[in-house]
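First the structure, in the form of structure tokens, and then the observations on it.
No value in this document is a laboratory result; all are computed from the given coordinates. This structure is a prediction, so every number in the text was calculated from the model and none was measured. Using ideal geometry, Cβ is built from the backbone for each residue, glycine included, and neighbour counts are taken over all protein chains shown.
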Amino acid sequence: MTAITHGCTVARYLALRLAELGITHLFGVPGNHLGPFLTTLRAEGAIEWVGTPTEGGAGQAADAYARVHGVGAAAVTYSVGAFNLLNACGGAYVEQVPLVAINASPPYEQWQNYRALGLLTSHMSPRPESNLDVYRQVTVDAQVISNPGLAPAQIDAALTACLSERRPVYLEVMEDLWDEPCAEPGEPILRRERPFSARNQLLLDHAVNAILTLVEEHAGPDGTPRPIVWAGEEIDRFRLGGQLTDLVEGTGVPFCTTVGAKAVVDEDLPQFHGVYNGHASHPDVHGVFKDWATCRIGLGAWSTSKNLGGEQCVGDDWVMAANGGVSVGTSYFPDVQLEQLLPALQDALAKRYGSGGLAADYYAEAHAHLGESVDRPAGLEQYRASLRTSGSRSRHAERHTERLTYDGVFDRINHFLGHETRQDWTVVSDAAFSLIGSMNLSLSAGGFLSQVSWLSIGWSVGAATGAALAPERGHARPMVFVGDGAFQETCQEISTHTRLGLRSVVFVMDNGHFYGIEQMLVHPAYYADDQGASHDPDFYNVLHPWHYDRLAAVFAGKETPANGITIAHTSELDDLLTRLTDPADPVNAGPLLVRVRLHRHDYPRAMAYKVKVNHPKGTGNG
């Protein structure tokens with residue numbers, strides 16, 4: 001048993017353990033109950049405190065930091081701060097993000113006074129368990145630390161659960177415990193994986209054999225197997241990108257990703273064919289995934305409404321390996337872990353079909369399968385080129401007067417990222433039209449972050465802070481796409497970008513102060529004609545208009561520059577992107593707010609399936 005010494009306190013113990021996990025930044029909003037811990041944190045020197053304007057923004061930053069680094073942390077003050085952090089913690093729980101939520105509570109003495117006299121002080125509730133009970137719903141371990149002698153064990157248990165379950169944990173620490181002595185840290189905090197036993201091996205073998213049988217039974221008309229892999233969020237959360245790459249390169253099997261797993265591996269891999277998102281998929285991606293392929297193998301993919309894009313279920317020609325088990329058609333194999341399944345499936349497919357035996361010209365074959373002729377160079381490179389060149393600059397004078405559209409913006413950005421910039425960018429996409437528009441950008445591994453299940457609007461603005469500060473992506477520049485309604489939720493987090501000198505570029509997609517996605521989901525008939533002459537928007541979807549670009553001047557300081565501009569035409573977007581490639585241009589000195597003015601009746605082409613019209617949605621300008 002480790003002896004208690006005066007060299008370590010509860011505050012120092014927690015600071016040391018967080019640093020041990022490689023956490024370099026702690027996000028949050030201070031308060032008197034949290035002050036002693038932050039003083040100790042600075043004295044230790046390994047972790048930098050990042051104060052944010054809101055607890056929600058701190059949680060968003062910690063969430064994105066954890067997605068990149070593997071674990072993140074936020075610290076707040078009891079009740080008033082903790083309940084503001086709850087939304088971000090709920091999102092991290094749903095999306096399997098390891099986040100440590102630290103809640104500094106009133107001192108032990110005050111709790112005793114309440115029990116004896118009923119005396120409530122600031123932030124206290126008549127229910128002492130109120131914060132704990134709430135956080136138990138969105139964490140895998142929740143601890144209240146009221147005894148310094150027990151603090152090390154409680155902290156270690158929570159952090160171990162955080163790493164092992166890859167979900168948030170909660171530590172509530174009473175203020176007068178921070179400076180109390182406790183034991184020094186002992187053995188390092190390690191992830192505890194589920195054991196792999198002979199029983200697990202048997203279940204794994206059965207699952208792999210069932211997958212092979214499904215592939216054979218659902219071969220193409222000529223008897224050739226046509227599986228396609230659908231790589232999902234758990235590939236990212238479990239850090240299995242290398243195994244996925246080995247699988248597709250070793251077998252040649254084509255793969256798509258879910259929206260949430262976009263850029264989990266390099267999208268220049270020849271086997272990659274885009275993001276599959278149900279009816280919202282790019283037509284070429286949808287053609288290969290649903291028409292050419294005869295069975296689909298989901299690896300770490302979640303069957304959420306966002307990932308399925310309007311589809312209600314998967315079929316009996318699907319494999320879905322996620323959440324600790326594998327369903328193959330109508331059969332289910334529990335307790336089969338993705339980490340073991342990937343190499344086992346690679347070996348089985350290679351043994352059955354040979355190394356690279358599942359490779360094919362999927363693009364050409366998909367079109368042939370649909371009875372279409374391909375009169376141009378076929379293959380994945382043609383598909384990629386069609387995406388990237390669709391946004392290339394035009395020399396026609398008309399570009400100066402062309403109004404920007406969602407599709408025009410993202411096509412042009414895609415060309416910029418693929419051909420014009422030498423910088424490394426991390427695209428951080430918010431929910432709704434921003435997410436739909438950005439899912440077809442072609443990006444390198446690790447270059448995309450989004451919250452696709454919880455879908456808390458405004459997430460991207462705070463998340464960009466965490467993405468920029470995570471050591472693994474610290475060299476990359478954040479590029480944020482956020483709707484105007486979403487931006488109004490979290491605009492103050494631009495203050496953090498400015499304070500830290502982050503050179504973020506935040507595109508606020510201003511479609512005429514309007515919740516476009518909500519209108520699309522509730523009454524898509526509003527979009528049935530370009531002018532909306534026969535349809536009025538629902539009153540509750542209309543926002544108060546802001547001059548978003550002018551907020552940069554509000555947040556800027558003498559030593560902390562920030563800039564804001566408004567663009568409405570394609571030529572203005574071209575000029576802006578040219579400026580982004582010039583390091584000496586003042587717009588690159590700090591964060592840049594870009595108000596992108598769009599027509600209220602515009603929407604991304606991928607959402608056309610929602611709108612009942614007699615002619616297909618055009619591809620947009622640009």
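Kindly work out what percent of the DSSP beta bridges joining two residues of the chain are antiparallel, to the nearest 5.
Taking every DSSP beta bridge within the chain, about 20 percent pair in antiparallel fashion.
Is the chain best put as rounded, prolate or oblate by its Cα gyration tensor, with a ≥ b ≥ c the root eigenvalues, rounded for a/c under 1.5, and otherwise prolate when a/b is larger than b/c, oblate when not?
Taking the square roots of the gyration eigenvalues as a ≥ b ≥ c, the chain is oblate.
Work out the length of the dipole vector of the range 4-183 about its Cα centre, built from +1 on the beta-carbon of each Lys and Arg and -1 on the beta-carbon of each Asp and Glu, and round it to the nearest 20 debye.
Roughly 200 debye, rounded to the nearest 20.
Rank 524, 446, 404 by how far each Cα sits towards the positive end of the charge dipole of the range 390-610 (+1 on Lys, Arg Cβ; -1 on Asp, Glu Cβ) and give me just the farthest.
Of the listed residues, the answer is 446.
So what's the range 202-245 giving for Rg/Rh, alpha carbon basis, Kirkwood Rh from the mean inverse pair distance?
Looking at the range 202-245, the ratio lands at 1.08.
Compute the relative contact order of the range 198-369 as a whole-number percentage, counting only Cα pairs closer than 8 Å that sit 6 or more residues apart in sequence.
Relative contact order for the range 198-369 comes out at 29 percent.
With everything on Cα atoms, drop me the angle between helix 338-353 and the longest principal axis of the chain, reported from 0 to 90° to the nearest 10.
It is inclined by approximately 30 degrees.
Place a label point 7 angstrom from the Cα of residue 313 along the Cα-to-Cβ direction, then list the residues of the range 328-350 whose backbone nitrogen is under 19 Å away.
Under 19 Å, as judged by backbone N against the label point of residue 313, lie 328-333 of the range 328-350.
Mind ordering 425-437, 210-222, 489-501 by average Cβ neighbours within 10 Å, highest first?
So the order, starting with the most tightly packed, is 425-437, 489-501, 210-222.
Let's see if you can work this out: charge +1 on each Lys and Arg Cβ, -1 on each Asp and Glu Cβ, no other charges. What is the dipole magnitude of the range 390-610 about its Cα centre, in debye to the nearest 20?
It works out to roughly 480 debye.
Ranked from highest to lowest mean number of other Cβ atoms within 10 Å per residue, what is the order of the peptides 598-610, 72-84, 567-579?
The peptides rank, most packed first, as 72-84, 598-610, 567-579.
Report Rg (one decimal) and Dmax (nearest whole number) for the range 198-369, counting Cα atoms only, units Å.
14.5, 46
List the pair-distance distribution P(r) of the range 468-620, using every Cα-Cα distance, as the percent of pairs falling in each 5 Å bin from 0 up to the bin containing the longest distance, rounded to whole percents.
Reading the bins upward from 0: 2, 9, 17, 18, 16, 14, 11, 8, 5, 2, 0, 0.
Work out the charge dipole of the chain with +1 on the Cβ of Lys and Arg and -1 on the Cβ of Asp and Glu about the Cα centre, then indicate which of 514, 248, 455 is farthest towards its positive end.
Going by the charge dipole, the pick is 514.
In degrees, nearest 10, range 0 to 90: what is the angle between the Cα axis of helix 570-580 and the longest Cα principal axis of the chain?
Roughly 50 degrees between the two axes.
Eight or more residues apart or on different chains, and alpha-carbon atoms under 24 Å: count the Lys pairs in the chain matching that.
Value for the chain: 10.
Counting other beta carbons within 10 Å of each residue's own, what order do 182, 8, 162 fall into, fewest first?
In increasing order of surrounding Cβ atoms, one gets 8, 182, 162.
About the Cα centre of the chain, how large is the charge dipole given +1 on each Lys and Arg Cβ and -1 on each Asp and Glu Cβ? Please answer in debye to the nearest 20.
Charge dipole of the chain: 520 debye, to the nearest 20.
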